[in-house]
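The values are calculated or read from the model by the stated rules, or taken from the named source; none is laboratory data. No experiment lies behind these values; they were computed from the predicted model shown. Quick reminder, even Gly has a Cβ in these numbers, built from the backbone with ideal geometry, and neighbours come from all protein chains shown.
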Amino acid sequence: MKSMLDSPPLRLVLLAGASLLSGCGELLFGDVDIPEICTRMKPYAFQASNLPVEGTFSPTLSLEVDVKSLLPEDMDMVSADVRFRRATFRAVGGDLGFLDAVKLGMDNATVSGGPVVLTEWSRTEAGASTELNLPGNDAVNLFPYTQDGMLKVAVGFTARMPDKDTEVEPVLCLGLKGRIRYGDKVEESL
């Protein structure tokens, strides 16, 4: 005959209760692992009428990802881990045939080690497409590059005069890991 103490859910409740009574409220926590979460950025316009007729141009734009809004509310921001998974550039009303190179990077004066290249691409053959998918560099924890919960990514393009006006919509995908602590909330509710 089985005792009620042999029930796994009851044992978990008793263990949690004992830890709270002994002052070990930090026993209750959860690990968050989001392999990929993507954020769509505002499209960047390349207008044929406003660009030089000959040669290449190299605009750089800064994309800001609100990392804090992507994390669960109770995430312990000290131990968060943010990895760059991939980037996608989509043409809205046109194609990407005018692009010769794209480079995404991070640079923050407060982080040691200098600039980090997240991904880069160079055209190897002629042709037009409406989407460019770039693999990420997820070897670097980008959390130290966040300031006030914002991740600032510099995107540099090398391009030629487009045939017609085109908007390029960047989509950046990140992986997130961290810990949510439940101990304090449970203690407060007792």
Right, residue 55: over 30 Å from residue 161 (Cβ atoms) and either modelled with pLDDT under 80 or exposed (fewer than 11 other Cβ atoms within 10 Å of the Cβ) (or both) or not? no
The stretch 136-187, subset among the hydroxyl-bearing types (Ser, Thr, Tyr) and at pLDDT below 85, residue nearest to residue 123 (Cα to Cα): 145
Search the stretch 98-110 for residues being crowded, with 18+ Cβ neighbours inside 10 Å and within 14 Å of residue 124 (Cβ to Cβ), and hand back the single one that is modelled with the lowest pLDDT. 99
For the subset of the stretch 66-94 comprising residues that are at pLDDT below 85 and aliphatic (A, V, I, L, M), which member is surrounded by the most Cβ atoms within 10 Å (Cβ to Cβ)? 67
If a residue must be surrounded by 16 or more Cβ atoms within 10 Å (Cβ to Cβ), among the polar types (S, T, N, Q) and either over 21 Å from residue 45 (Cα atoms) or under 22 Å from the mean Cα position of the chain (by Cα) (or both), how many such residues does the stretch 128-173 contain? 2
Kindly evaluate residue 100 against the criterion of being among the acidic types (Asp, Glu), more than 29 Å from residue 34 (Cβ to Cβ) and touching a helix residue (DSSP H, G or I) at 6+ places or on another chain (Cβ under 8 Å). no
